[in-house]
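I have placed the structure first, in the form of structure tokens, so that the comments after it can refer back to it.
The values are calculated or read from the model by the stated rules, or taken from the named source; none is laboratory data. Just so we're clear, the structure is a prediction, and the values are computed from it rather than from any experiment. Here the Cβ is made from the backbone with ideal geometry for all residues, glycine too, and neighbour counts use every protein chain on show. Keep in mind that these areas ignore ligands, DNA and RNA; they rest on the heavy atoms of the full protein, side chains included. Shrake-Rupley method; radii C 1.70, N 1.55, O 1.52, S 1.80 Å.
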Amino acid sequence: MGRHDWAHVLDSVPTGLYIDGQWGGASGGGRIEVADPATGEPLGEVADARPEDAVSALDAAVGAAGEWAATPPRERAEVLRRGYQAMTDNAEELALLTTLEMGKTLTESRAEVAYAAEFLRWFGEEAVRIGGDWSRSPSGAGRMLTMRQPVGPCLLITPWNFPLAMGTRKIGPAIAAGCTMVVKPAKLTPLSMLRLTGLLAEAGLPPGVLNVVTSGSAAAVTEPLMADPRLRKVSFTGSTPVGRTLMERAAPNLLRLSMELGGNAPFLVFDDADLDLAVAGAVTAKMRNNGESCVAANRFLVAESVAAEFSARLADRMGRMRVGHGAEADTEVGPLIDADARDKVTELVADATDRGANVRTGGSAPSGKGWFYSPTVLTEVAPESRILREEVFGPVAPITTFDSEREALELANGTEYGLVGYVFTRELNRALRVGEALETGMVGLNTGLVSNPAAPFGGIKASGFGREGGAEGIQEYLATKYIAVATG
Ligand code: NAP
């Protein structure tokens, strides 16, 4: 297997900057290499934008903003519907691109394409339902008209772990709301977003509405945009430290922000849980996307009385998962994104084992090319271990135990993060009690999968704020205007 097997797919990717409806090179002619994390070999190159290119992209977004805001909602909805259809028609090609640049298995990439496309369909359906209100003032002396208007030009910054879905989760509602935008994809995975951009252009998106700027200098190309008073909003998905930096940079212009940041999800298994369901849920919550997901289960907290059985079954299941190139048919776990990601996982496991953790399966990186790490289960993990406090972003499941519901909640909430928590129990009252008490924006009750375009996705605490998807997602791109009406 090699480049010749997928050359046609790679060759279909436009590799320039997309500004004002035109593809072009970066002003300095610079390029950045994109590599296959399973082999380390190059897949191709994309344009390396300079700050002045990003400013040109903002110029285009500003230029298109008025007309796009005035475009009838039905027309905006139709563009999204055609975009959804184009993604669906080209699903195999998009999935292969995602696997090649990001590493996840083809099965996972197909699921991501479907998930990503659904944001376009969902927000196309929302575009025509942006409401307002007309009411009588309490004194009866006047009328109050409220309407929703697009916030204006947006900067959308996306991570490498779901290169398509984290894009459409922002692009979909921005288009639906009538906003124009500059998208800055992650430098490690720009190819699938560039291909998607081509599909959206073919779907009839007018020039200037969507501008895409790939760059190896994220801070340098986004700084002048955030300092520019014409930009009105930043939506960011990525790590908490970068989110904090962006909030500081947003302060002078009081930019509206949506922040989808890191997680440290607890996965709670109570003594009355259905263990078949809990193990299946654990595999999904841990191993989806090779463990490189903000909603990945990061800490397994298991009732003492069922911990031995749960640990043995999870270790057995994870130990049998086939590791390999994501494009190979029988692969269940692909590589991590790069050497740094694998080094971090290696360090976290070493720290845990130095403090006495038992390796039940895995615990090392296979030799050979690519950034692979074996699916790993650790038990007897000491409370002060780094792996319980930091985002692992890899296929490692650390298991600790609890004796009471109260202790489980204290452990679960003992983190600065608050994105998602998973709860496995058969008892309805406990499920609801614990679900409410978890300090997270989302909870999976007896399921390891919460992501759904029709649901509000997002966190609290250091996991950020704002919601993507669901009925809330479009509100992030709308400003409420109130008009006081004198009725005489
Ligand atoms: P990251 O390093 O924070 O990067 C995310 C994006 O921000 C990339 O496009 C990156 O560009 C850009 N960036 C980095 N530094 C920047 C700066 N100083 N100014 C402006 N932009 C900057 O995160 P990542 O490693 O790609 O993604 C993994 C993180 O995302 C994890 O923490 C994960 O939990 C989080 N995540 C959260 C959600 C959610 O919905 N809550 C979803 C998915 C992922 P470059 O690629 O050029 O570095």
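Observations, loosely collected:
- Residue among Glu101, Glu92, Glu126, Glu118 that alone is part of a helix (DSSP H, G or I), among the acidic types (Asp, Glu) and crowded, with 24+ Cβ neighbours inside 10 Å: Glu101
- There is no residue in the stretch 9-16 that is open to solvent by 20 Å² or more (accessible area, probe 1.4 Å), aliphatic (A, V, I, L, M) and modelled with pLDDT of 95 or more.
- You will find that of Glu45, Glu75, Glu33, Glu67, the residue that is among the acidic types (Asp, Glu), open to solvent by 70 Å² or more (accessible area, probe 1.4 Å), closer than 24 Å to Arg169 by Cα and free of Cβ contacts under 8 Å to residues at least 40 places away in the same chain is Glu75 and no other.
- Among the conditions (1) among the hydrophobic types (A, V, I, L, M, F, W, C); (2) surrounded by fewer than 16 Cβ atoms within 10 Å (Cβ to Cβ); (3) within 14 Å of the ligand (Cβ to nearest atom), Leu254 misses just one, which is (3).
- Of all residues making up the stretch 138-175, the number that are open to solvent by 40 Å² or more (accessible area, probe 1.4 Å) and within 16 Å of the ligand (Cβ to nearest atom): 1
- Residue selected from the stretch 433-453 under the condition assigned to a helix (DSSP H, G or I) and open to solvent by less than 50 Å² (accessible area, probe 1.4 Å), by the criterion nearest to Ala117 (Cα to Cα): Gly435
- Answer residue from the stretch 454-488, given it is within 13 Å of the ligand (Cβ to nearest atom) and not small (Gly, Ala, Ser) and is nearest to Ala117 (Cα to Cα) among those: Glu468
- Subset of the stretch 326-342 that is open to solvent by 10 Å² or more (accessible area, probe 1.4 Å) and more than 15 Å from the ligand (Cβ to nearest atom) - its residue that is nearest to Thr401 (Cα to Cα): Glu332
- If you check Lys170, Lys187 for being in contact with a Ser or Thr (Cβ under 9 Å, 6 or more places away or on another chain) and assigned to a loop (DSSP other than H, G, I, E, B), only one passes: Lys187.
- Residues that are near the ligand (Cβ under 9 Å from one of its atoms) and open to solvent by less than 40 Å² (accessible area, probe 1.4 Å) were ranked within the stretch 238-251; the one that is nearest to Ala65 (Cα to Cα) is Leu246.
- Residue check for Ala352: in the same structural domain as Ala303 (by TED's automatic domain parsing), in contact (Cβ under 8 Å) with a residue 24 or more places away in the chain and not in a loop (DSSP other than H, G, I, E, B): yes
- Among the candidates Gly370, Gly441, Gly414, Gly435, residue that is free of Cβ contacts under 8 Å to residues at least 12 places away in the same chain and of a type outside the set (A, V, I, L, M): Gly414
- Of the residues making up the stretch 210-237, just one is aliphatic (A, V, I, L, M), near the ligand (Cβ under 10 Å from one of its atoms) and part of a strand (DSSP E or B), namely Val234.
- Among the residues making up the stretch 190-223, those that are under 20 Å from Thr245 (Cβ atoms) and open to solvent by 10 Å² or more (accessible area, probe 1.4 Å) are Gly216, Ser217, Ala218, Ala219, Ala220, Glu223.
Conditions tested, residue by residue: (1) open to solvent by 50 Å² or more (accessible area, probe 1.4 Å); (2) among the aromatic types (Phe, Trp, Tyr).
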{"site": "Lys344", "(1), (2)": "yes, no"}
{"site": "Asp354", "(1), (2)": "yes, no"}
{"site": "Ala357", "(1), (2)": "no, no"}
{"site": "Phe372", "(1), (2)": "no, yes"}
{"site": "Pro383", "(1), (2)": "yes, no"}
{"site": "Glu391", "(1), (2)": "no, no"}
{"site": "Ile399", "(1), (2)": "no, no"}
{"site": "Val420", "(1), (2)": "no, no"}
{"site": "Arg430", "(1), (2)": "no, no"}
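- Among the residues of the stretch 389-413, those that are within 16 Å of the ligand (Cβ to nearest atom) and either of a type in the set (A, V, I, L, M, F, W, C) or part of a helix (DSSP H, G or I) (or both) comprise Val392, Phe393, Val396.
- Residue match in the stretch 314-325 (condition: open to solvent by 10 Å² or more (accessible area, probe 1.4 Å), in contact (Cβ under 8 Å) with a residue 60 or more places away in the chain and touching a Leu at 6+ places or on another chain (Cβ under 9 Å)): no
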